[in-house]
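All of the numbers you see were taken from the coordinates with simple rules; none came from a lab. Predicted, not measured: the structure shown is a model, and the values here were computed from it. Positions of Cβ are backbone-derived with ideal geometry, glycine not excepted, and every protein chain shown enters the neighbour counts.
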Amino acid sequence: MSSVMKKTLTDLNVMELMIPAEKVAHVQVGNPIEHALLVLVESGYSSVPVLDMHYKYQGTIGKTQILKSVMGIERIEVEQLSEIKVEDVMHQDHPTLKLDTDFLTCLKVVINHAFACVVDEDGSFVGILTRRAILKEVNKSIYAS
Ligand code: 2BA
């Protein structure tokens, strides 16, 4: 990476790269996984953030986790979709970012995760940073250098 490219990329901040909360599909704790599956199928995303009623970040939930949780020995137990709650199957180990997280840390996070949730100092959800947004900037920098 050239020093010019490094400088440009490291100047970028999470705020300008993230998708703001109001444009992000999400589900809430307390929702049945049936609702989460509907949100995922309708939005087309494989996984979305989980928030509490105060808009605090709690985790993420994806189609694979939901389907695994209703897999019986011989059949898919569809009736479980209305019984199991989002918090019973969500991932809580997904990394989060702060508004002041530097670009290189963001880049490392999206190597293993398609997106990371951005939270403020109170843990309130403010948006997501996607792999696409990071790769777009890296691509721009390569062509600019
Ligand atoms: P995935 O749903 O697995 O999507 C992988 C990539 O496929 C996305 O990468 C995007 O390039 C494309 N894609 C999938 N569904 C799309 C849709 N409905 N509209 C446009 N493009 C779509 P990224 O854009 O880097 O997103 C990474 C991950 O971030 C997504 O993974 C999804 O889990 C989450 N995500 C992105 N935008 C979101 C939003 N507005 N609300 C909730 N989650 C979002």
Among 31, 94, 18, whose Cα lies farthest out toward the positive end of the dipole of the chain, if unit charges sit on the beta carbon of Lys, Arg (+1) and Asp, Glu (-1)? 18
So residue 107 and residue 38, fully extended at 0.36 nm per residue minus their Cα-Cα distance, gain in nm 21.8 nm
Multiply the residue gap between residue 28 and residue 135 by 0.36 nm, knock off their C-alpha separation, and tell me the result in nm, one decimal place. 35.6 nm
Choose one answer from 105, 60, 96: the residue with the largest mean-square fluctuation in a GNM of the chain with alpha-carbon springs under 10 Å. 105
Under-5 Å amide H pairs with residue 84, H placed in peptide plane, nonlocal only: 33
Size of charge dipole - the chain - debye, nearest 20, with Cβ of Lys, Arg +1 and Asp, Glu -1, no other charges: 800 debye
Output the Cα-based Rg and Dmax of the chain in Å, rounding Rg to one decimal and Dmax to a whole number. 17.4, 58
Distance in nm between residue 73 and residue 52 label points, each 7 Å along Cα→Cβ, equals 3.8 nm
Counting only residues 5 or more places away or on other chains, whose amide H sits under 5 Å from the amide H of residue 118 once H atoms are built in the peptide plane? 97, 126, 127, 128, 129
